[in-house]
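Let me begin by presenting the structure, written as structure tokens, before commenting on it.
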Amino acid sequence: MSQNGVRPEKRALQREIRERLEGAAYVVLTDYTGLNMEDMTALRGALRERGSRLNVVRNTFFVQVAGELGWGDPTPLLDGPTAMVWGAGDVTATARALKDFGKRTGRAVMRGGFFGDRLLTAEDMDALASIPSREVLLGQVVGTLAAPLYRLAGVMQQKVLSLLYVLKAVEDKKQR
């Protein structure tokens, strides 16, 4: 035992959780009850594609580390077995992957999480999952910016065509 009464192996686990959380842009807490090894492997693979990782954590360790990081009290989100999904990429893609997996299997329910140091509820996570992907949002922005230019080009083309029709009519009149 160390001087604080915490065994070295527990301290190492807490340190590992802290290192992962310090480098994460977001953390999603999920209930993994009922998932077998195949399901966990499939879920981990789907999350890895989105730049996220999944680790099972002890609730008491997570509460302690979250407190040390100044994130507040996550205790309301920690009821039963908990897996933390963390990463630095697109939180909406991760939330969407978890939501889709949950729909397919009926398991792996998002309880909430943290985005930066802001506590997110399960409803917040569902809202994040419904946001379109970054590529779709960028496409919408480009489309919104380009629409007036397309309209302007159409108007200008019509004006040029009108001028050509007038000039053609004048030419035809002079030839008669």
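The values are calculated or read from the model by the stated rules, or taken from the named source; none is laboratory data. Because the structure is a prediction, the values reported are computed rather than measured. Please note: Cβ atoms are built from the backbone with ideal geometry, for glycine as well, and neighbour counts cover all protein chains shown.
Which of the residues belonging to region 15-41 are touching a Lys or Arg at 6+ places or on another chain (Cβ under 6 Å) and surrounded by fewer than 19 Cβ atoms within 10 Å (Cβ to Cβ)? Hit for region 15-41 is G34, nothing else. Only one entry of L167, L152, L138, L119 meets the criterion of being closer than 26 Å to G87 by Cβ and in a helix (DSSP H, G or I), and that entry is L138. Note on region 128-153: residues that are surrounded by fewer than 10 Cβ atoms within 10 Å (Cβ to Cβ) and among the small types (G, A, S) total 0. Picking from residues in region 77-99 that are in contact (Cβ under 8 Å) with a residue 40 or more places away in the chain and in a helix (DSSP H, G or I), the one that is surrounded by the most Cβ atoms within 10 Å (Cβ to Cβ) is T94. Restricting the first member to region 12-30 and to residues that are not assigned by TED's automatic domain parsing to the domain that holds R58, and the second to residues that are among the hydroxyl-bearing types (S, T, Y) and part of a helix (DSSP H, G or I), no beta-carbon pair is closer than 8 Å while six or more apart or on different chains. Among all positions in region 28-39, there is at least one residue which is at pLDDT 90 or above, of a type in the set (A, V, I, L, M) and part of a strand (DSSP E or B). Only one residue in R58, R107 is in the same structural domain as N36 (by TED's automatic domain parsing), crowded, with 16+ Cβ neighbours inside 10 Å and not acidic (D, E). Which one? When all the criteria are applied, what remains is R107.
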